[in-house]
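Q: Have a look at this one.
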Amino acid sequence: MDPRQLEYFLAVVEHGGINRAATALRVAQPSISQSLRRLEKDVQATLFHRVGRGVVLSAAGEALIGPARQVLRDLDLAREAVSAVNHLQGGRIDIAALSDTSTDPLSVWVAQFRVKYPLVHLRVEERDRLGEVIDMVKDGACELGITVLPVRVNDLAHHFLVDQHFVVVFPPGTPTDLPDIVEVSSLDGVPIVMGERNTTSRDNVESMLRAGGVEPLVAVEVPQRGAVVPMVLSGAGAAILPQRIALEARQRGAVVRDLSPHVSRSIGAIHRPDRLTPAAAMFLDYTKQQLASWERAVRRRMDAGASRVEAAAEVVVAIERRQRERFEEIGPIYPRSPADE
């Protein structure tokens, strides 16, 4: 079996058709069609059903996705083994993530890694249920899973990455003489904007409120997590959000306070126990380094008397300033050419 057959097969799956795959790969459409026919002959199964001018995955095709990605990762591992990990010149990382961890914190980690190693391709698959993330990692569809810990699965390796802190966010105009740390019990009767039900974040928030003797007064329930902050900024209610998202709302005028009892959850990575590709191993190492640097910077400011929210906000401002300065020198999208100097 030619590995290129698997590359073409996955391209058709990811781009939704042969013509789109051909355009993305910059190859002739007949080449992909012929490759798929040879692959179907090799595996002795129909991988796609032809419907009009398009194709639809068969059950056999669905079953091949995970193994195909694993085969290509194994080939990447063999190629990359001859290069120093610290000088990644390519590779691919497939990541499965719980939906309410993909925006925060995973999106920042992926972006930071991409800036550091621009030749590595990353793909993130969101899933609403932990079991789905576990299955994608176990069957090889994704190399890494980002999820809430603990995960009680014996045949997967686990890496703790960070404690994700939650804070309360009030609309602009809320009196700013609120204490730095708000008691959960004081939220009784406060209208709350929440994401959809049966997600880990929503369950976590509701459990925390009830543990503090507060029955959540859900003023607005939105299916899209990204709509919560705009709702709060427009005065629909307060919200309990991950600290990083809350700080973005703070920059737009929201009033943000820490909570007592403190609310957090552990976020980590899971993967199969066999060796990671150099790209995935470096992603975990680099993310841990960035997180350790973040925590040290926050702790220094807290030791100097700042609240956790104030300390984190100051660190965000400092990081964004350094990032802008660096991007002005070497743009991550359009690097400067010698002629621009």
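The values are calculated or read from the model by the stated rules, or taken from the named source; none is laboratory data. Every value quoted in this text rests on a predicted model; they were computed, and no experiment measured them. Neighbour counts are summed over all protein chains in view; Cβ atoms, including those assigned to glycine, are modelled from backbone coordinates with ideal geometry. Protein only, heavy atoms only, side chains kept; ligands, DNA and RNA dropped before computing areas. Shrake-Rupley method; radii C 1.70, N 1.55, O 1.52, S 1.80 Å.
Q: Determine the percent antiparallel among the DSSP beta bridges restricted to segment 1-147, to the nearest 5.
A: Working: 4 of 14 bridges.
Percent antiparallel among DSSP bridges in segment 1-147 is about 30.
Q: Picking from 256, 218, 148, which is most flexible by a Gaussian network model of the chain using Cα springs under 10 Å?
A: 218
Q: May I pose another question? Whole Å is fine, so just give me how far the alpha carbon centre of segment 18-72 lies from that of segment 140-182.
A: Cα centres, segment 18-72 to segment 140-182: 38 Å.
Q: Divide, for the chain, the radius of gyration over alpha carbons by 2.2 N^0.38 Å, where N is the residue count.
A: My calculation over the Cα atoms of the chain gives 1.15.
Q: Would you kindly calculate the translational diffusion coefficient of segment 37-82, applying Stokes-Einstein with the Kirkwood radius from alpha carbon pairs, for 10 °C and a viscosity of 1.306 mPa s, and quote it in µm² s⁻¹ without decimals?
A: Here the translational diffusion coefficient equals 132 µm²/s.
Q: Extent of segment 141-300 along each principal axis, from alpha carbon coordinates, in Å, largest to smallest?
A: Reported extents, whole Å, longest axis first: 52, 35, 26.
Q: Also: Share of antiparallel DSSP beta bridges in the chain, in percent to the nearest 5? Don't jump to the answer; show the numbers that get you there.
A: On the way: 24 of 42 bridges.
DSSP beta bridges in the chain are roughly 55 percent antiparallel.
Q: Quote the relative contact order of the chain in percent (integer), defining contacts as alpha-carbon pairs under 8 Å separated by 6+ residues. Can you show the working numbers first?
A: Details: 492 pairs, mean separation 62.2, N = 341.
Reported as a whole number, the value is 18 percent.
Q: What per residue convex hull volume, in Å³, comes out for segment 188-282 when only alpha-carbon positions are used?
A: Working: hull volume 13.8 nm³, N = 95.
Per residue, the Cα convex hull of segment 188-282 comes to 146 Å³.
Q: A further question on this structure: Mean residue ellipticity at 222 nm from the helices of the chain, using -39,500 (n - 2.57) per DSSP H segment of n ≥ 4 over the full residue count, to the nearest 500 deg cm²/dmol?
A: Values: 11 runs with 152 residues, N = 341.
Rounded to the nearest 500, it is -14500 deg cm²/dmol.
Q: Using a Förster radius of 25 Å, what is the FRET efficiency between residue 37 and residue 123 based on their Cβ-Cβ separation? Nearest 0.05, please. If you can, show how the numbers build up before the last one.
A: Working: r = 26 Å, r/R0 = 1.05.
In this case the efficiency is close to 0.45.
Q: Cut-off 10 angstrom, C-alpha nodes, Gaussian network model of the chain. Which of 132, 329, 183 fluctuates the most?
A: Of 132, 329, 183, the Gaussian network model singles out 329 as fluctuating most.
Q: How big is segment 289-334 along each principal axis, measuring the range of its Cα positions in Å and listing the largest first?
A: 40, 19, 13
Q: Nearest 0.05, what FRET efficiency do residue 262 and residue 25 give at R0 = 45 Å with Cβ-Cβ as r?
A: That gives a FRET efficiency of 0.35.
Q: Identify all lysines with a Cα-Cα distance to residue 41 below 29 Å; exclude those on the same chain that are fewer than 8 residues away in sequence.
A: 138
Q: Would you please give the FRET efficiency between residue 252 and residue 295, computed as 1/(1 + (r/R0)^6) with r the Cβ-Cβ distance and R0 = 22 Å, to the nearest 0.05?
A: 0.30
Q: Sticking with this structure for a sec: Would you look at the GNM of the chain, springs on alpha carbons closer than 10 Å, and say which of 293, 31, 201 moves the most?
A: Comparing 293, 31, 201 in the GNM, the peak value goes to 31.
Q: Here's a follow-up. What is the percent carbon and sulfur in the accessible area of the chain, measuring with a 1.4 Å probe over the protein chains and ignoring ligands?
A: 50
Q: Just grab the label-to-label distance for residue 210 and residue 233, each label 7 Å out from Cα along the Cβ direction, in nm (one decimal).
A: Output for this residue pair reads 3.3 nm.
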